[in-house]
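Below you'll find the structure, written out as structure tokens, and then a few comments.
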Amino acid sequence: MSASCPDFDTFMEGVKKRNPGQDEFVQAVHEVSHDIFDWIEDKHEYHEAEILRRMAEPDRIVSFRVCWEDDDHNIRVERGWRVQNNNAIGPYKGGLRFHPSVTESVLKFLAFEQTFKNSLTGLPMGGGKGGSNFNPKGKSEAEVMRFCQSFMTELYRHIGTDVDVPAGDIGVGSREIGYLFGQYKRITGRWEGVLTGKASEYGGSAVRVEATGYGAVHFLQNMLDGIDRDMEGQKVIISGSGNVALHAAEKLIDLGAKVLTLSDSDGCIHDPDGLDADKLQWVKELKLERRGRISEYADKFSSASFTEDGKPWDVDADIAMPCATQNEIGEEEAKSLADNGLCALVEGANMPTTVDAVEILREAKVLYAPGKAANAGGVAVSGLEMSQNAERVSWERGKLEDMLADLMRDIHGKCVEYGQQDGKDGYIDYPKGANIAGFKKVADAMLAFGVV
Ligand code: NDP
Ligand code: 2IT
């Protein structure tokens, strides 16, 4: 049989045609396929089996109506989705996002990325993602609870411990996971580890809350070790002020780095003195408990300023960590970062950097860690939560911290193995390494299954 081997541009034309108006999904497929095409050029088995084309077509997408009643007794109607992208190496696994910007395209890109990320962890997890355009901001506790219950009343029939195991993402933290889990248990009558990111009282794993942010800093530490550069004193600019951003900041401060910025959808704070553990504790209470706005930081600490609609990317720094959302860093921001002599950009968020911006960083030899590698610590500890639930045990915090550090070292090692560039002064192409290593495991499993 002759291998059908389209060139990259023809392949992408097909992806665009089949997914009209789904820019985020097309962007994610472009970013991965670009690297994979080079690598599989002489590997005919992948072409013959149309592996990449099959990976870029979700196994299924469930879309549903979510009705709920607000506190003023108005009937509200939102959309819910679960995108089950690929379960070649394990049950579908990936978070739920509640945010007004959620569309099918956003969830398809996230589920596609998750497939490669979960493969990189080395744990048996396929890729999925779900969520709703529901906006939890400004809603009462009772409204959030009613929404979560209504969402789960449809979702429960599509998930299961060996089928699909959702978790949190933007707008879904331990409060929402509690309401979702309570409703699953109520409908099915079963206690099982069908969601991760649960609180410790009912099966949640130690270190899951911190794992994404801490893991991204472990990844950064491994990158810096590779170029003999100390973490101590590094100036870091962070976007976002949610779960990932604040736990990245916590680990950075712990390791002696200087965190200069945080942001939310209203704007950005810049504290030239840097955050310390006390200031960070104040922000955690503000954002994670009081659900306040980051602008309040500048009212509380006189060393800081707040810029409405501002972003951190023009602040002079050694390290940038985008930890808010997709496409935060475009060409202009990447140029400004490169011109300021940035050493490394580590993605806590999923796809925060556009394709053109990545090219600018690559050319400027900025070390660039893509989200699917750098933020994989969260889903990795979710995988460990699944194992603990299946065994009906709870491991100690210290053991999980060590396991997280080891997992991130392994992921870094895979990126180096496949991302080493001959004749390029030792510059590691981390996205290429992550894409190839993530692809290979899933692709080989799919080859073993034949045409299914
Ligand atoms: P949170 O909801 O806890 O925090 C999100 C933060 O990003 C908030 O500060 C929010 O601001 C800001 N933000 C969200 N959307 C926008 C937007 N459109 N424009 C500007 N700011 C925005 O989410 P997480 O910290 O959990 O997630 C952050 C990123 O990390 C996402 O890309 C997510 O996919 C990724 N991620 C999360 C993992 C996890 O375990 N939670 C694992 C791996 C990746 P505001 O308060 O104004 O809404
Ligand atoms: O993007 C991600 O990896 C997550 N939101 C975490 C997914 C999970 O299942 O823990």
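Rule-based calculations on the coordinates, nothing more; no lab input. In this text the structure is predicted, and so the values were computed from the model without any measurement. Please note: Cβ atoms are built from the backbone with ideal geometry, for glycine as well, and neighbour counts cover all protein chains shown.
Normalised by the number of residues in the chain, what is the relative contact order in percent for Cα pairs under 8 Å and 6+ residues apart?
Details: 908 pairs, mean separation 67.8, N = 452.
Relative contact order, the chain: 15 percent.
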Worksheet item: Counting other Cβ atoms within 10 Å, which trypsin sites (Lys or Arg not before Pro) in the range 375-405 have at most 14 and lie in a DSSP loop?
Response: Arg392
Practice prompt. Step through the residues of the range 377-386 one at a time and calculate ³J(HN,Hα) from phi using the Karplus curve (6.51 cos²θ - 1.76 cosθ + 1.60, θ = phi - 60°), rounding each to whole Hz and writing x for Gly and Pro.
Written response: x, x, 5, 5, 6, 4, x, 6, 5, 4
Worksheet item: Hey, what do the phi angles of the range 58-71 turn into as Karplus ³J(HN,Hα) couplings, whole Hz, using 6.51/-1.76/1.60 and θ = phi - 60°, x for Gly and Pro?
Response: x, 3, 6, 10, 9, 10, 8, 8, 10, 9, 8, 10, 7, 5
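Give the Rg/Rh ratio for the chain, taking Rg as the radius of gyration of the Cα atoms and Rh as the Kirkwood radius, to two decimals. Walk me through the numbers before you get to the answer.
Working: Rg = 21.1 Å, Rh = 22.2 Å.
Dividing the radius of gyration by the Kirkwood radius yields 0.95.
Subtracting the Cα-Cα distance from 0.36 nm times the residue separation, let me have the gained length for Thr153 to Leu447 in nm, one decimal.
Values: separation 294, 0.36 × 294 = 105.84 nm, distance 3.60 nm.
Value of the extension gain: 102.2 nm.
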Discussion item. If you average the alpha carbon positions of the range 289-328 and of the range 123-177, how far apart do those two centres end up, in angstrom?
Written reply: 27 Å
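Per the Kirkwood definition applied to all pairs of different Cα atoms, how many angstroms is the hydrodynamic radius of the range 362-412? Walk me through the intermediate numbers first.
On the way: mean 1/r = 0.0804 Å⁻¹.
Evaluated on the range 362-412, it is 12.4 Å.
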Worksheet, complete the sentence: Whole-Å distance linking the alpha carbon centroid of the range 1-80 with that of the range 419-443 is 22 Å
Discussion item. For the pair Ser295/Glu331, report the inter-label distance in nm, with labels modelled 7 Å from Cα in the Cβ direction.
Written reply: 3.2 nm
Item to complete: Could you run the Debye sum over the Cα atoms of the range 286-329, one equal point scatterer each and no solvent, and tell me log10 of I(q)/I(0) at q = 0.25, 0.26, 0.30, 0.31 Å⁻¹, two decimals?
Response: -1.15, -1.17, -1.16, -1.16
Practice prompt. Pop a pseudo-label 7 angstrom from the Cα along the beta-carbon direction at both Arg54 and Ser200 and give the gap in nm to one decimal.
Written response: 4.4 nm
Worksheet, complete the sentence: Here, trypsin sites (Lys or Arg not before Pro) of the range 132-203 satisfying both criteria (DSSP loop; at most 16 other Cβ within 10 Å) are Lys137, Arg190
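Take the Cα pairs of the range 340-452, get the Kirkwood Rh, then feed it into Stokes-Einstein at 20 °C and 1.002 mPa s and tell me D in µm²/s.
Details: Rh = 16.0 Å.
Diffusion coefficient, whole number: 134 µm²/s.
I'd like the per residue volume of the convex hull spanned by the Cα atoms of the range 150-257, given in cubic angstrom. If you can, show how the numbers build up before the last one.
Details: hull volume 12.8 nm³, N = 108.
Taking the convex hull of the Cα positions in the range 150-257, it is 118 Å³ per residue.
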Fill in: In Hz, Karplus ³J(HN,Hα) per residue of the range 187-203 (6.51, -1.76, 1.60; θ = phi - 60°; x = Gly, Pro)
6, 8, x, 10, 8, 8, x, 7, 10, 10, x, 6, 6, 5, 5, 10, x
Worksheet, complete the sentence: Given Cβ charges of +1 for Lys and Arg and -1 for Asp and Glu, the option among Gln149, Val163, Phe134 whose Cα lies farthest towards the positive end of the dipole of the range 124-173 is Phe134
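Output the relative contact order of the range 147-204, whole-number percent, from Cα pairs under 8 angstrom with separation of 6+ residues.
40 percent
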Response to the item:
Residues whose modelled amide H sits under 5 Å from the amide H of Gln326, counting only those 5 or more places away in sequence or on another chain, are none
Worksheet entry | With eigenvalues of the C-alpha gyration tensor scaled by 5 and rooted, the range 283-367, Å | 27, 15, 11
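Note the full-extension length gain between Asp72 and Leu255 as 0.36 nm times their separation in residues minus their Cα-Cα distance, in nm to one decimal.
Values: separation 183, 0.36 × 183 = 65.88 nm, distance 4.84 nm.
Extra length from Asp72 to Leu255 when fully extended: 61.0 nm.
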Practice prompt. Return the long-range amide H neighbours of Lys235 (sequence gap of 5 or more, or a different chain), with a cut-off of under 5 Å between placed amide H atoms.
Written response: Lys258, Asp318, Ile319
Discussion item. Can you compute the FRET efficiency between Glu41 and Arg229 using 1/(1 + (r/R0)^6), with r the Cβ-Cβ distance and R0 = 35 Å? Round to the nearest 0.05.
Written reply: 0.50
Worksheet item: Per the helix-only calculation at 222 nm, which mean residue ellipticity applies to the chain, given -39500 (n - 2.57) for every DSSP H run of n ≥ 4 and division by its residues, nearest 500 deg cm²/dmol?
Response: -14500 deg cm²/dmol
Worksheet item: What ratio of Cα Rg to 2.2 N^0.38 Å holds for the range 244-324?
Response: 0.98
Worksheet item: Say each of Glu359 and Arg65 gets a label point 7 Å from the Cα, pointing the same way as Cα to Cβ; how far apart are those two points in nm?
Response: 4.5 nm
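Got the relative contact order for the range 161-308 handy, in percent, Cα pairs under 8 Å and 6 or more residues apart? Working shown, then result.
Values: 202 pairs, mean separation 23.4, N = 148.
Relative contact order here is 16 percent.
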Practice prompt. Please list, in chain and number order, the residues 5+ apart from Arg97 or on another chain whose amide H is under 5 Å from its amide H, with Hs placed from the backbone.
Written response: Gly130, Gly131, Ser132
Worksheet, complete the sentence: Residue separation between Glu396 and Trp191 times 0.36 nm, minus their alpha-carbon distance, gives in nm 71.6 nm
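Just rank Glu332, Glu141, fewest to most, by other beta-carbon atoms within 10 angstrom. It would help to have the intermediate numbers written out before the result.
Details: Glu332 13, Glu141 9.
Exposure proxy ranking, most exposed first: Glu141, Glu332.
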Discussion item. For a quick check: sort Lys258, Lys365 by the number of other beta carbons within 10 angstrom, fewest at the front.
Written reply: Lys365, Lys258
